[in-house]
Amino acid sequence: MKKIIAAASFAAVLLASCTPKASTATTPVASTSTAEEIAQGKTIFENSCGRCHKLPDPTSHTSVQWVGIMNRMAPKAKLSDEQHQWVYDYIVSVKK
Ligand code: HEC
């Protein structure tokens, strides 16, 4: 019986300590990268995308075209999925 009470009060403490976090988690999280990730994307872009050809101009293609180009070029540049996303977000951020 003691065990059950202990477990129950432990659960209550857990619930209580989780509540404030749960409420802050409801604030909308932007799906795009943070400023730091975009800055990383810029660095990766400058270091990886000018190796085989001239560094491309982000404004030379639409953001839709860049999706396809990045799908072709990210494996060539050996980018991780995250790096792929950051470079893409950097390119799109330049165009705005
Ligand atoms: C391993 C070599 C290599 C790397 C690294 C590389 N590319 Fe390319 N890229 C190519 C080749 C080869 C072509 C031409 C053939 C093609 O379009 O697939 C090309 C073509 C392009 C084009 C022209 C596509 C078009 O449709 O006009 C763009 C833009 C481009 N690359 C962007 C990038 C970006 C951005 C990166 C970095 C993520 C990158 N490339 C990294 C080899 C590379």
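Below, the figures for the structure above:
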{"quantity": "Residue count, the range 79-96 (criterion: within 8 Å of the ligand (Cβ to nearest atom) and free of Cβ contacts under 8 Å to residues at least 12 places away in the same chain)", "calculated": "0"}
{"quantity": "Cross-chain or 6+ apart pairs with Cβ under 6 Å, the range 36-58 first and over 17 Å from Ser80 (Cβ atoms), then among the basic types (Lys, Arg) and part of a helix (DSSP H, G or I)", "calculated": "Pro58/Lys95"}
{"quantity": "Residues of the range 68-83 classified as among the aliphatic types (A, V, I, L, M) and in a helix (DSSP H, G or I), total", "calculated": "4"}
{"quantity": "Residues located in the range 59-76, provided they are surrounded by fewer than 18 Cβ atoms within 10 Å (Cβ to Cβ) and either touching a residue at least 24 places away in the same chain (Cβ under 8 Å) or near the ligand (Cβ under 8 Å from one of its atoms) (or both)", "calculated": "Thr59, Ser60, His61, Ser63, Gln65, Gly68, Ile69, Arg72, Lys76"}
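Every number here is computed from the coordinates shown, using simple stated rules; none is lab data. Since we're looking at a predicted model, the values are computed, not measured. Every residue, glycine as well, gets a Cβ built from its backbone with ideal geometry; the counts of neighbours run over all protein chains shown.
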